[in-house]
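Trainee: The following block contains the structure, expressed as C-alpha cells.
The values are calculated or read from the model by the stated rules, or taken from the named source; none is laboratory data. In this text the structure is predicted, and so the values were computed from the model without any measurement. Positions of Cβ are backbone-derived with ideal geometry, glycine not excepted, and every protein chain shown enters the neighbour counts. Side chains included, ligands, DNA and RNA excluded: accessible areas come from the protein's heavy atoms. Shrake-Rupley method; radii C 1.70, N 1.55, O 1.52, S 1.80 Å.
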Amino acid sequence: MKCTVGKEALLTHLQKVCNIVSRRPVLPILNNVRLEAEDNILNLKATDPEITIRTELRADVEYSGVTTLPAKSLLALVSKLKGDKIEINCGDNHHAAIKCGSAEFLLKGLDPVDFPDDPLFESKRKIRLTQPELGRMIDYVSYAVSQDSSRKTLQGILFSVKGNILTTVATDGKRLAFVEKEVEESSGDGDIILPSRTALELRRLLGEEGTSELEISERHIRVRFSDILLYSKLVEGSYPNFRQIVPGSFQKMLDIPRDAVMQTLDLLAVPLTADISNLKLTFKRGELEFFSRNDTVGEGKDRLEVAYDYDDPLEITFNYQLLQAPFRHVREDQFRLQMNGASCPIMIEDGKGFHYILMPLRVK
C-alpha cells in the first residue's frame with residue numbers, strides 16, 4: 001500500500017475513529033487502526049468488543065493495500081508532523097514508512113487478517129433524522145442514565161419508535177428524562193436500548209448539519225452520517241415502562257426562566273456538598289424561595305419572582321444536582337414546572353418535546 005493524504009484531513013479522521021481504542025484491549029490488534037487504500041480513498045477503521053467506527057478520506061493512491069498500525073502512536077505522530085502532505089508506504093511485513101516534510105518514521109503494523117470484521121447485519125428497521133436533532137435527543141437525556149452496573153438496561157438509552165415519533169429515554173430510578181420527536185422516516189415500531197458509551201461516542205461524532213440514518217438489526221445498530229459508519233451492540237433486555245412514572249395530571253403549574261434559575265441554583269449550592277445536597281424550594285404567591293443549609297459550612301437563601309398564582313404555599317425539597325441537571329443540559333429560555341404536592345414527583349418540560357420527572361426528597 002502506498003498513498004499520499006492531506007495531513008489535516010488525516011488527523012481529523014483519525015480523531016474520529018481512535019477515541020474508541022482501548023488502552024487495555026482483549027486482543028493486541030485492537031490497539032491498532034486498520035488502513036485500506038483503494039480507488040483514491042483511504043478507509044480508516046477502529047473497533048472494540050462493542051463499537052466499530054469507519055470513516056474515509058480522499059487520497060492519492062499509488063498502489064492499493066491494507067495494514068493495521070498502532071492507533072494512539074499514529075494519532076500522536078500525525079498531530080505533531082509539520083507539513084501539508086503525508087506519504088504512507090506499507091510493505092509485505094505490514095510496517096509503514098511515513099514521511100512528512102523532512103521527517104521520516106517507521107511504525108510497526110500487524111497483519112490485518114486478524115482484525116475483526118464488521119458484525120453480520122440484517123436490517124430490520126430504519127430511522128432517519130437530522131444530525132442536530134439526534135445529537136439534541138442524546139444530550140437531553142444521557143446525563144440521567146443509571147450508573148448501577150446491576151441494572152444493565154438502565155445503563156443504556158431507550159430509543160422507542162411508534163409511528164413516526166422517536167422517543168429517547170434515560171432514568172436512574174431517581175429521575176426520568178425523555179424527548180419526543182417526529183422523524184423524517186421510520187420503517188416500523190419497536191424499542192432498542194443503546195449503550196450509554198455508544199450514545200456518547202455517537203454524540204461526539206455528529207455534526208451540525210446533514211442527515212443521520214439508523215438501521216436496526218436483531219442485536220446491533222448501524223448509524224450512517226457524513227463520512228462515518230458506526231456499528232454497535234445493543235443492550236439485551238426490556239426497558240421498564242417509563243410512561244407509568246409520568247403523572248396523569250398536575251394541580252399547579254408555572255413558567256420559570258432558565259438563566260435565573262441556573263444562577264440561583266449555582267449560588268445556593270455553595271454551602272452544599274456531595275453528602276449534604278438538600279435544597280428546599282418554597283412556592284408562595286408571586287415568588288419562589290430557595291434555601292440550603294449545611295451545619296458544617298453554613299446556609300443560604302435567595303428568591304425569584306415567578307408567576308405562582310396559588311394561595312396555598314408549597315414546600316418541596318430536592319437533591320440540588322438532580323434538580324439542576326435539565327437546566328444545565330437543555331438550552332431553552334423558559335421551562336414549565338408542574339407539581340402536585342410536597343411528596344409527589346414534579347415535571348419540567350420545554351414545550352418542544354423534552355420532559356424531566358424528578359422525585360422530591362423525604363425530609364424528616
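Trainee: Kindly establish whether Ser123 is within 24 Å of Val17 (Cβ to Cβ), among the hydroxyl-bearing types (Ser, Thr, Tyr), open to solvent by 40 Å² or more (accessible area, probe 1.4 Å) and outside any helix (DSSP H, G or I).
Mentor: yes
Trainee: Then there's this: Select the strands (runs of 3 or more DSSP E) contained entirely in region 250-364, then report the ones holding at least 1 residues which are surrounded by fewer than 18 Cβ atoms within 10 Å (Cβ to Cβ) and basic (Lys, Arg).
Mentor: 252-257, 278-284, 287-294, 298-305, 334-339
Trainee: Would you check which residues across region 226-248 are aliphatic (A, V, I, L, M) and either surrounded by fewer than 11 Cβ atoms within 10 Å (Cβ to Cβ) or at pLDDT below 95 (or both) and list them?
Mentor: Ile245, Val246
Trainee: Answer yes if at least one residue in region 180-187 is closer than 30 Å to Ile357 by Cα, at pLDDT 95 or above, surrounded by 15 or more Cβ atoms within 10 Å (Cβ to Cβ) and under 15 Å from the mean Cα position of the chain (by Cα), and no otherwise.
Mentor: No, that holds for no residue.
Trainee: Can you tell which of Asp311, Asp350, Asp333 is among the acidic types (Asp, Glu) and more than 11 Å from Arg258 (Cα to Cα)?
Mentor: Asp311
Trainee: Any residue in region 308-326 that's more than 16 Å from Ala177 (Cα to Cα): show its pairings with residues that are of a type in the set (Lys, Arg) and open to solvent by less than 30 Å² (accessible area, probe 1.4 Å) at Cβ separation under 8 Å, as long as the two are six or more apart or on different chains.
Mentor: Sorted first by the residue in region 308-326, then by its partner, the pairs are Tyr308/Lys252; Tyr310/Lys252; Leu314/Lys252.
Trainee: Is one or more of the residues making up region 145-152 under 22 Å from Asp350 (Cα atoms), in a strand (DSSP E or B), in contact (Cβ under 8 Å) with a residue 24 or more places away in the chain and among the aliphatic types (A, V, I, L, M)?
Mentor: No, the conditions are met nowhere in region 145-152.
Trainee: Go through region 73-84 and give me each residue that's in contact with a Lys or Arg (Cβ under 8 Å, 6 or more places away or on another chain) and either of a type in the set (A, V, I, L, M, F, W, C) or surrounded by 15 or more Cβ atoms within 10 Å (Cβ to Cβ) (or both).
Mentor: Within region 73-84, Val78, Leu81 meet the criteria.
Trainee: Among (1) farther than 16 Å from Leu42 by Cβ; (2) of a type in the set (S, T, N, Q); (3) crowded, with 17+ Cβ neighbours inside 10 Å, where does Thr68 come up short?
Mentor: (1)
Trainee: Let me ask something else about it. Is one or more of the residues making up region 118-125 modelled with pLDDT of 95 or more and among the hydrophobic types (A, V, I, L, M, F, W, C)?
Mentor: no
Trainee: Let me ask you something else. Taking only region 53-108 into account, find how many residues are of a type in the set (Asp, Glu), free of Cβ contacts under 8 Å to residues at least 12 places away in the same chain and either in a strand (DSSP E or B) or touching a Gly at 6+ places or on another chain (Cβ under 6 Å) (or both).
Mentor: 1
Trainee: Anything in region 176-220 that is in a strand (DSSP E or B), under 28 Å from Gln321 (Cα atoms) and either without any contact (Cβ under 8 Å) to a residue 40 or more places away in the chain or in contact with a Phe, Trp or Tyr (Cβ under 7 Å, 6 or more places away or on another chain) (or both)? List them, or say none.
Mentor: Correct list: Leu176, Ala177, Phe178, Val179, Ile193, Leu194.
Trainee: May I pose another question? Asp139: in a helix (DSSP H, G or I) and open to solvent by 10 Å² or more (accessible area, probe 1.4 Å), yes or no?
Mentor: Answer is yes for this residue.
Trainee: Keeping to region 1-43, report how many residues are among the β-branched types (Val, Ile, Thr), in contact with a helix residue (DSSP H, G or I) (Cβ under 7 Å, 6 or more places away or on another chain) and in a strand (DSSP E or B).
Mentor: Residues meeting the conditions: 1.
Trainee: Regarding Ala260, is this residue more than 29 Å from Pro132 (Cβ to Cβ), among the small types (Gly, Ala, Ser) and touching a residue at least 40 places away in the same chain (Cβ under 8 Å)?
Mentor: no
Trainee: Determine which single condition Ala274 fails, assuming it passes every other condition in (1) at pLDDT below 95; (2) touching a strand residue (DSSP E or B) at 6+ places or on another chain (Cβ under 9 Å).
Mentor: The single condition Ala274 does not satisfy is (2).
Trainee: Residues being among the acidic types (Asp, Glu) and either surrounded by 15 or more Cβ atoms within 10 Å (Cβ to Cβ) or at positive phi (or both): count how many of those fall in region 192-212.
Mentor: Qualifying residue count, region 192-212: 1.
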